[in-house]
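Peer 1: Have a look at this one.
Quick note: the coordinates plus some simple rules give every number you see, no bench work behind them. Everything quoted here is computed from the prediction, not taken from an experiment. Please note: Cβ atoms are built from the backbone with ideal geometry, for glycine as well, and neighbour counts cover all protein chains shown.
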Amino acid sequence: MKRILLLRPDSRLTVVRRLRAFLHLEPLALEYLAGSIPEGNEVKILDLTVVKNPIRALQKTVKDFKPDLVGVTAYSNQIDRAAQCFKIIRKECPDSIIVLGGHHATIIPEECRIPHLDAIVRGEGCGPFRKILETMESGEKSIFSIPNVYPPDAENFGPIPLYPGVDSLPKPRRNLVDRSKYFCAWSSPRKERKASIIPRIASMRTSSGCAYQCSFCIVHKLYGRKYYPRKVDDIIEELKSIPEDYVYFVDDETFLSAKHMRALGKKIHEQGIKKHFVSWARSNTITDNPDLFELWHEIGLEIIYVGLESIHDRTLKTFNKKATLNHNKKAIEILEKIGITIHPAFMVMPDFEVDDFKALNEYVQSMPPAEAAFTVYSPAPGTDDWEKHKDDFICDAIKFYDCMHTILPTKLPLKEFYKHFSQLTVSALSRNPLRVNNIPVNPLELLKIIWRTHRYVRAQRNLWKDY
Ligand code: B12
Ligand code: SF4
């Protein structure tokens, strides 16, 4: 019997933490990893993004639990906090084996040569993690003969190992986390009073991968442009096991296969599953299949995040987005007609000048009620864009990789850039469907949201101070 601790570190970046006041999702990767561990072992998940004092929580957990094996997940902007965790774990529990997995380790393992780390797992982690445990149990010394498991000082990590479809993964063990900690701000346009505007939410996958190749995105490098829909019956079974009424589809591109999503939608309807769904979809998928979104609206799809990205066709082309302004315009109209709230995601370019911010703001103001969100164009580690712009980075582009801190030079002085950036968020609030439609909400929750928004906007405005 071994004791296994699975850990999600927090991010050092204030704006990332403040954003989580609106959307905070469970550590699904760790729940999957826990699912891969054979019965008879003791498993704990420690999510440091939900505790008040992460350092103390980690020290106490490691001291009390004394893990034999620790698995740590991290996005790029969490990697320096992960390094801090390794040090604490090593001090409290010198003999435990510390393994790092997740996106950062998969994409740029050469940036993970961190003291106290024993091994790096690249790509899908459940298989290798289980094998690491089996190797430990068998008393064998080396875990590095396991495919995709590397010593941190490896000279050559080779290409990114492609991820398989989600069908090959075990069932996630959702009961290992405190489910009351995960929620999503909810602003669907239904006119009636809302039970909650920050309901508890579960996340799950209906597919993985994506066939597109947007230049700013790493997903096609992780999946080799393949799209893997899950078996409909498996999705239904998982949906039925989820205690929450609200579900966030954490797919790369949920509606890529209209056939698959039609079959899933029909099955959800047949089975009488009543949940509220939120998902991502491309604008051209919406314009190609309006009837599919009508079906999904009937079975509970209330909010769709759409990467509209830009208000210029030339920029969409540079991004290799394969969707045009016309697709965006029509998708907005279709969703409004159906009654699904659109959460448009726009990218502010580092070379934006005052007039560009103004034009984007006017576009958002002219849209139907929407929950608009803005990020700053930042090439993702591992993409061709990252390689292309590498010499221009103005900061440690890994630690600052949150799509809020610009990693490329801006035309406007940083302070002014972020003043306009935060004003976009403030201005977009006036178009929030809850506000436009005057929907009565729980006053306490409303106060919470106002306070969180105030703090988030302040963090955005102060981003320039971090450099
Ligand atoms: C859902 C999602 C979110 C959710 C949050 C999800 C969460 N629980 O935290 C939301 C919408 C909030 C979000 C926000 C952001 N996200 Co996001 N997100 C995703 C998305 C679409 C799916 C992630 C997911 O849930 N996957 C399901 C799990 C089960 O899969 P997994 O994480 O890959 O885990 C597997 C392996 O990686 C491995 N593994 C993972 N951890 C470990 C640990 C060990 C020990 C081992 C052995 C293996 C292992 O095994 C797992 C099982 O197979 C991914 C794209 C993608 N393909 O993953 C982007 C992605 C992870 N996001 C990304 C980014 C950049 C962000 C933001 C920073 C940007 C932004 N402003 O939107 C923010 C901030 C997040 C933060 N905390 O810093 C990038 C990360 C790149 C990077 N280098 O860090 C990705 C890859 C998207 C992209 N196009 O580049 N995101
Ligand atoms: S941004 Fe979305 S559509 Fe584009 S490649 Fe990434 S996952 Fe696919």
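Peer 1: If each residue's Cβ is checked for other Cβ atoms within 10 Å, how do ASP392, ASP402 rank with the fewest at the top?
Peer 2: ASP392, ASP402
Peer 1: Nearest 5 is fine: what % of DSSP beta bridges in the chain come out antiparallel, could you say?
Peer 2: Antiparallel bridges: around 20 percent, rounded to the nearest 5.
Peer 1: What FRET efficiency comes out for GLU237 versus ASP351 if R0 is 35 angstrom and r is the Cβ-Cβ distance? Round to the nearest 0.05.
Peer 2: 0.10
Peer 1: Over region 311-467, calculate the relative contact order: mean separation of alpha carbon pairs under 8 Å at least 6 apart, over the residue count, as a percent.
Peer 2: Once divided by the residue count of region 311-467, the mean separation gives 24 percent.
Peer 1: Place a label point 7 angstrom from the Cα of GLU336 along the Cα-to-Cβ direction, then list the residues of region 425-444 whose backbone nitrogen is under 17 Å away.
Peer 2: Answer for this model: 428-438.
Peer 1: Please report how far the C-alpha centroid of region 31-76 lies from that of region 145-215, rounded to the nearest whole angstrom.
Peer 2: Their Cα centres are 17 Å away from one another.
Peer 1: What is the spin-label model distance, in nm, from GLU134 to SER366 if the labels are put 7 Å beyond Cα along the C-beta direction?
Peer 2: It is 6.0 nm.
Peer 1: Below 8 Å between Cα atoms, with a sequence gap of 6+, how large is the relative contact order for the chain in percent?
Peer 2: 14
Peer 1: For a quick check: with amide H placed at 1.01 Å from N, whose amide H comes under 5 Å from ALA202's, ignoring anything fewer than 5 positions away on the same chain?
Peer 2: So ALA202 has HN proximity to TYR246, VAL247, TYR248.
Peer 1: On full extension of the chain, what length is gained from ALA373 through SER427, given 0.36 nm per residue of separation minus the C-alpha to C-alpha distance?
Peer 2: Contour length minus Cα-Cα distance gives 18.4 nm.
Peer 1: Right, here's the next one. Could you order peptides 28-39, 66-77, 423-434 by the average number of other Cβ atoms within 10 Å of their residues, highest first?
Peer 2: Packing order, densest peptide first, comes out as 66-77, 28-39, 423-434.
Peer 1: Starting from the Cα of LYS448, step 7 Å along the direction of its Cβ; do the same at LYS63; then give the gap between the two resulting points in nm.
Peer 2: The answer from the label model is 3.1 nm.
Peer 1: Roughly what would the spin-label model give for HIS116 and ASN53, points 7 Å off Cα along C-beta, in nm?
Peer 2: It is 1.8 nm.
Peer 1: Considering the dipole of the chain built from charges on the beta carbon (Lys and Arg +1, Asp and Glu -1) around the Cα centre, which of SER283, VAL436, GLN365 is farthest to its positive end?
Peer 2: Result: VAL436.
Peer 1: Right, another one. Add +1 for every Lys or Arg and -1 for every Asp or Glu among the other residues with Cβ under 12 Å from the Cβ of SER76, and state the total.
Peer 2: Here the charged neighbours net out to -1.
Peer 1: Do any trypsin sites (Lys or Arg not before Pro) in region 73-143 lie in a loop, going by DSSP, with at most 16 other beta-carbon atoms within 10 Å of their beta carbon, and if so which?
Peer 2: Passing sites in region 73-143 are ARG113, LYS141.
Peer 1: If the chain between ALA154 and THR324 were fully stretched, how many nm would it gain, using 0.36 nm times the residue separation less the Cα-Cα distance?
Peer 2: Extra length available between ALA154 and THR324 comes to 56.8 nm.
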